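Visitor: Here it is, the structure, as structure tokens.
The values are calculated or read from the model by the stated rules, or taken from the named source; none is laboratory data. Values in this document were obtained by computation on a predicted structure and should not be read as measured data. No Cβ is skipped: glycine too gets one built from the backbone with ideal geometry, and neighbour counts run over all protein chains shown. In case anyone asks, the SASA skips ligands and DNA or RNA and just uses the protein heavy atoms, side chains included. Shrake-Rupley method; radii C 1.70, N 1.55, O 1.52, S 1.80 Å.
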Amino acid sequence: MRINSKQLLSKGAKALTLALALGVTNNAVAGLNIFACEPEYAALAKELAPDAKIYSATTAMQDPHQVQARPSLIAKMRQADLAICAGADLEVGWLPMLQMKSANAKVRSTDQGLFFAAEQIDTLDQLESVDRSMGDVHAKGNPHLHFDPNRLLDVATALTAKLVQLDPDNKAQYQSSLVSFSERWQAAIPHWEAKAQALQGSKVIAYHSSFKYLFNWLGLEQVADLEPKPGIPPSSSHLASLLNRAKQGDILAIVIASYQSERGADWLAERSDLPVLVLPMSVGGNDQSVDLFTLYDSAIALLLSAKQ
Ligand SMILES: [Zn+2]
């Protein structure tokens, strides 16, 4: 069935009439309007604020470092009550532009409706000093933190406090959503850890520091990076050095994220006889990853597949 904008309008009018008739406030019916910079935070918002209207600015097939501040994104940000982003400068190339062009005072500051996940936890690999020769490094530490289940739980708790701040009428609901999520998440962590036991001590070559938290948590070691420097695609001389490294014979696999180019990885795989694992960078990064739980399931299953 195709619904045109006129029909939608009349539907909206009916809902409003109904809401008024029931004596409920518009706020409680509509819920918050949430803009997530990345799909993992849209997924977390869905767990913690199931009645909210949630929009993800990017998909798991997009590089979250490089996003065009398109008019459609500006329009979405203009409507937002809350913007949830990884932070630690991951979105520094596009979020400030969206904020400026959308001119939405609600999401301008973290005192109000702007929330950075990285500000709620200690990031890995923070740098004391940075210069341009180092490439596009993450000086404030690695922002790809959603693959650390414990840090993500801390983010969930902080995000719930933010939801309550912005929408205090629904405090009880947000708190019970957090309890439900925490219980399921904390029950899942030991299962994941038990499953991934066989991966302890495994060495991988990976693209960027995308899965640093996952490796750190599960005891894998990224011994080399397909990027010669952060933000720089693999060059032939760099790939040649990786091939030399691979010849030592102790590497489990080459790991890339769903949005990253397979070219360098394939070149190396052909010559080193190593498997290439394409891990979902986020929810939606493959067919299996439909929420945060299945995202973790899938990433761990893919890593284990290289063990067989
Ligand atoms: Zn990065």
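Visitor: Which residue is surrounded by the most Cβ atoms within 10 Å (Cβ to Cβ), if the candidates are limited to the range 141-167 and must be part of a loop (DSSP other than H, G, I, E, B) and within 11 Å of the ligand (Cβ to nearest atom)?
Guide: From the range 141-167, those part of a loop (DSSP other than H, G, I, E, B) are 141-144, 148, 167; that's our starting set.
From what is left, the residues that are within 11 Å of the ligand (Cβ to nearest atom) are 141-144.
Details: GLY141: 19, ASN142: 23, PRO143: 25, HIS144: 27.
The residue in question is HIS144.
Visitor: I'd like to check something: does the range 200-209 contain any residue that is on the phi > 0 side of the Ramachandran plot, open to solvent by 40 Å² or more (accessible area, probe 1.4 Å), out of contact with any Leu (no Cβ under 6 Å at 6 or more places or on another chain) and part of a loop (DSSP other than H, G, I, E, B)?
Guide: Pass one, the range 200-209, residues on the phi > 0 side of the Ramachandran plot: 201, 208.
Within this subset, residues satisfying the condition of being open to solvent by 40 Å² or more (accessible area, probe 1.4 Å) are 201.
Right, trim to out of contact with any Leu (no Cβ under 6 Å at 6 or more places or on another chain) and you get 201.
Those still in the list that are part of a loop (DSSP other than H, G, I, E, B) too: 201.
So far as the range 200-209 goes, yes, one or more of its residues are on the phi > 0 side of the Ramachandran plot, open to solvent by 40 Å² or more (accessible area, probe 1.4 Å), out of contact with any Leu (no Cβ under 6 Å at 6 or more places or on another chain) and part of a loop (DSSP other than H, G, I, E, B).
Visitor: State yes or no: is ALA60 modelled with pLDDT of 95 or more, in contact with a Gly (Cβ under 6 Å, 6 or more places away or on another chain) and under 23 Å from GLU119 (Cα atoms)?
Guide: So ALA60 fits the description; yes.
Visitor: Name, by its number, the condition in (1) open to solvent by 30 Å² or more (accessible area, probe 1.4 Å); (2) at pLDDT 95 or above; (3) under 27 Å from LEU295 (Cα atoms) that does not hold for LEU114.
Guide: Every condition holds for LEU114 apart from (1).
Visitor: Right, next: Can you name the residue in the range 210-219 that is aromatic (Phe, Trp, Tyr), within 23 Å of GLY135 (Cβ to Cβ) and part of a helix (DSSP H, G or I) and, of all such residues, is farthest from the ligand (Cβ to nearest atom)?
Guide: Applying the filter and picking the extreme gives PHE215.
Visitor: Checking the structure you have, find out if any residue of the range 250-268 is within 13 Å of the ligand (Cβ to nearest atom), within 28 Å of VAL130 (Cβ to Cβ) and aromatic (Phe, Trp, Tyr).
Guide: Looking through the range 250-268, at least one residue is within 13 Å of the ligand (Cβ to nearest atom), within 28 Å of VAL130 (Cβ to Cβ) and aromatic (Phe, Trp, Tyr).
Visitor: Would you pick out the residues in the range 124-134 that are more than 11 Å from the ligand (Cβ to nearest atom) and in contact (Cβ under 8 Å) with a residue 24 or more places away in the chain?
Guide: Within the range 124-134, LEU124, MET134 qualify.
Visitor: Evaluate the following for LYS140: is it under 19 Å from the mean Cα position of the chain (by Cα) and free of Cβ contacts under 8 Å to residues at least 24 places away in the same chain?
Guide: Numbers: under 19 Å from the mean Cα position of the chain (by Cα): yes; free of Cβ contacts under 8 Å to residues at least 24 places away in the same chain: no.
No: the conditions fail for LYS140.
Visitor: Consider HIS138 carefully, then state whether it is under 23 Å from ALA43 (Cβ atoms), crowded, with 21+ Cβ neighbours inside 10 Å and not hydrophobic (A, V, I, L, M, F, W, C).
Guide: So HIS138 fits the description; yes.
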